[in-house]
Amino acid sequence: MGENAELLQCAALLHDIGYSPLIASTGFHPLDGARYLRDVEHADPRICNLVAHHTCAIIEAEERSLDRELSAEFQLEGPALVEALTYCDTTTTPDGEVTTVEERINEIFGRYGPGDIVTRSIQRATPHLIAASQSVLKKLEDQPK
Ligand SMILES: [Fe+2]
């Protein structure tokens with residue numbers, strides 16, 4: 001990731017901060033987390049953008065009718081950063097273990113159950129999540145050893 005490595009690491013560590021009950025306001029954690037980082041922590045705007053849009057958040061935002069707010073307040077960062085963060089999120093279990101994107105998606109479906117807004121959003125996002133993972137894995141393979 002070159003000069004973006006630290007930015008990606010920060011975003012990866014902070015991406016789910018919006019789940020904290022201390023800062024949740026809308027109940028949609030990408031937006032709550034990004035707003036907190038922007039308004040309280042005055043974080044780098046690129047970190048806020050990455051947190052806001054992590055792992056195809058715009059799809060769940062549409063399901064929650066929060067997509068206009070999300071897009072108006074936070075820009076989409078470049079595709080390499082976005083897919084790298086998606087890869088990090090979707091190849092790590094909630095306990096921090098390494099997994100595959102397919103197993104992670106199944107874990108989310110099992111945790112939320114059919115009909116849940118998260119399950120529905122991840123179902124819509126699945127092709128994008130798999131494509132992001134494949135793209136990053138290809139880049140990793142193509143790196144000089
Ligand atoms: Fe998340």
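The values are calculated or read from the model by the stated rules, or taken from the named source; none is laboratory data. If you're wondering where the values come from, they're calculated on a predicted model, not measured in any experiment. Cβ atoms come from the backbone with ideal geometry, glycine included; neighbour counts cover every protein chain shown. With ligands, DNA and RNA removed, areas are computed over all heavy atoms of the protein, side chains included. Shrake-Rupley method; radii C 1.70, N 1.55, O 1.52, S 1.80 Å.
Laid out as a table, the results:
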{"item": "Count of residues meeting criterion [part of a loop (DSSP other than H, G, I, E, B) and either in contact (Cβ under 8 Å) with a residue 40 or more places away in the chain or surrounded by fewer than 16 Cβ atoms within 10 Å (Cβ to Cβ) (or both)] in the stretch 68-98", "result": "10"}
{"item": "Inter-residue pairs, beta-carbon under 9 Å, first in contact (Cβ under 8 Å) with a residue 12 or more places away in the chain and open to solvent by 20 Å² or more (accessible area, probe 1.4 Å) and in the stretch 46-67, second part of a loop (DSSP other than H, G, I, E, B) and among the hydroxyl-bearing types (S, T, Y), 6+ apart", "result": "R64/T26; L66/T26"}
{"item": "Among (1) within 16 Å of the ligand (Cβ to nearest atom); (2) surrounded by 18 or more Cβ atoms within 10 Å (Cβ to Cβ), the one test that R38 misses", "result": "(1)"}
{"item": "Test for F109: is it among the aromatic types (F, W, Y) and open to solvent by less than 50 Å² (accessible area, probe 1.4 Å)", "result": "no"}
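Here's the yes/no breakdown for (1) more than 15 Å from the ligand (Cβ to nearest atom); (2) of a type outside the set (D, E, K, R):
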residue	(1), (2)
M1	yes, yes
A5	yes, yes
H54	no, yes
E60	no, no
L70	no, yes
A80	yes, yes
E97	yes, no
E107	no, no
D116	no, no
